[in-house]
């Protein structure tokens, strides 16, 4: 019997790299999740960071004429109030970006630059999200649930994924050294 | 890959996927609930859990809870709105309507369906393990409580956003992003003339 017919054709290098990237991405994502979900990191990093987002959102809301009052991670505007929790602070998209950027083969400087720039961009979009959600919650409360859960969450994560794809596609190709270069000539 | 056309396709895909999701999410929940119920009942003796999907939430009905008692409901949109992300990512392709692309999208959607079923199981078990005070303590050990609650929390924080990206990466990309070290072409060596 010819057993060769049961053998799968070997994956090409591009496929292997692709699957390798995905494996590294998943492992890093779990590691980052465990770090962020741990109580000390949550209490001393995530909560103060989220408080900062609430404060910045309050400033923007007041600048556009909304009577926003901020207390910790809670924002009140008129009769409407929201509490910014994990999942609404942009950290989840940043985790995704960090795992993808680290899993992708690139130089450390490029990775750091890509992550920091991406993190800042995600936070700007997230600020727009929080401000718009408070505005919607106050002026169009019927639209709040779908805007909060589906539209804005998807948009912010999609933005993070696009940032990664843009960064990955712009990576400069590092030439493989020729034997002469290896020999130090 | 990420030119102006891709941006337009992405936005159009996002809007179409949103419309599709709003229209058919209740029907979809009707397909997720029985599969999750089947998996949950595999681990129960006697099998008492029933999951219903009337729309916007999964209703948890246990046959051992007295009739008239309050039955918990689990919000459903949080579980499966990531379909919109998956569909939007597939729309990045220059010709997303091509037959092979549609087949890949269907395969990807089946994978995402499996993810939704598994994490609905996690959500229900997490509820059983942590929300019923003494009953939870009596039926779930520390490891089991952490496993189910941690698994569902992972999905809420990272998994539900990572799943569409990972599935799209496997099924949806046409040209894999090249690794810089391996993408470079070695210069050809010239033959020495004697």
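What follows draws every value from the coordinates through simple rules; no lab data is involved. All figures in this text were calculated on a predicted structure; none of them were measured in a lab. As a convention, Cβ positions derive from the backbone with ideal geometry for all residues, glycine included, and neighbour counts pool all protein chains shown.
Remark: the residue B:74-residue B:62 segment gains 2.9 nm on full extension, using 0.36 nm per residue and subtracting the alpha carbon distance.
Provide A:88, B:111 in ascending order of the number of other Cβ atoms located within 10 Å of each residue's Cβ, fewest first. Could the numbers behind the result be given before it?
On the way: A:88 22, B:111 17.
The order, fewest Cβ neighbours first, is B:111, A:88.
Over chain B, what is the relative contact order in whole percent, taking alpha-carbon pairs under 8 Å and six or more residues apart?
Values: 197 pairs, mean separation 43.4, N = 194.
Rounded, it is 22 percent for chain B.
What average number of partner chain Cβ atoms lie no more than 10 Å from the Cβ of the residues making up A:97-109?
Other-chain Cβ atoms within 10 Å of each residue's Cβ, averaged: 2.
Among the residues of B:152-158, the average count of other protein chain beta-carbon atoms within 10 Å of the residue beta-carbon is 5.
For residue A:170 and residue A:39 in the same chain, what is the full-extension length gain: residue separation times 0.36 nm, less their Cα-Cα distance, in nm? List each step's numbers first, then the result.
Values: separation 131, 0.36 × 131 = 47.16 nm, distance 3.70 nm.
That pair, residue A:170 and residue A:39, stretches by 43.5 nm at full extension.
Projected label points at residue B:7 and residue A:24, each 7 Å from Cα along the beta carbon direction, are separated by 2.9 nanometres.
Counting only alpha carbon atoms, the long axis of helix A:153-169 and the longest principal axis of chain A meet at about 30°.
Here the range A:89-148 and the range A:19-65 have alpha carbon centers that stand 9 Å from each other. The alpha carbon convex hull volume per residue for the range B:55-130 rounds to 108 Å³. Its DSSP H runs of at least 4 residues, each contributing -39,500 (n - 2.57), put the calculated 222 nm mean residue ellipticity of chain A at -20000 deg cm²/dmol, to the nearest 500. Which residues in the range B:64-79 place their backbone N less than 20 Å from a point set 7 Å from the Cα of residue B:52 along the Cα-to-Cβ direction? Output list for this probe position: B:64-77.
Normalising by the residue count of the range A:42-185, find the relative contact order in percent from Cα pairs under 8 Å and 6+ residues apart.
Details: 123 pairs, mean separation 32.9, N = 144.
This gives 23 percent for the range A:42-185.
In terms of surrounding Cβ atoms within a 10 Å radius of their Cβ, B:126, B:63, A:147 rank from fewest to most as B:63, A:147, B:126. Dividing the Cα radius of gyration of the range A:1-110 by 2.2 N^0.38 Å, with N the residue count, gives 1.69. Placing a label point 7 Å from the Cα of residue A:63 along the Cα-to-Cβ direction, the residues of the range A:81-114 whose backbone N falls under 20 Å of that point are A:89-90. Rounded to the nearest 10 degrees, the inclination of helix B:4-42 to the longest alpha-carbon principal axis of chain B is 40 degrees.
Note on residue A:12 and residue B:135: their simple-model spin labels are 5.6 nm apart, each label 7 Å out from Cα toward Cβ.
Quick one: order B:95, B:104, B:70, B:56 by neighbouring beta-carbon count within 10 Å, fewest to most.
Numbers: B:95 9, B:104 20, B:70 6, B:56 13.
Ascending Cβ contact count within 10 Å gives the list B:70, B:95, B:56, B:104.
When the alpha carbon coordinates of chain A are projected onto the principal axes, the ranges are 73, 54, 31 Å, largest first.
Measure nothing fancy, just the Cα-based angle from helix B:142-154's long axis to the longest principal axis of chain B, in degrees from 0 to 90, nearest 10. Orientation of helix B:142-154: about 50 degrees from the principal axis.
If you wrap the protein assembly as shown's Cα atoms in a convex hull and average its projection over all directions, what's the area in nm²? Mind dumping the intermediate values first?
Working: hull surface 117.2 nm².
The number I arrive at for the protein assembly as shown is 29.3 nm².
Let me make sure I get this right: for the range B:1-68, a, b and c are the square roots of the gyration tensor eigenvalues over alpha carbons, sorted descending. Under 1.5 in a/c it's rounded, otherwise prolate if a/b > b/c, else oblate. Which is it?
prolate
Within 10 Å of the Cβ of each residue in B:161-172, the mean number of Cβ atoms contributed by other protein chains is 5. Divide the volume of the convex hull around the Cα atoms of the range B:1-157 by the residue count and you get 125 Å³ per residue.
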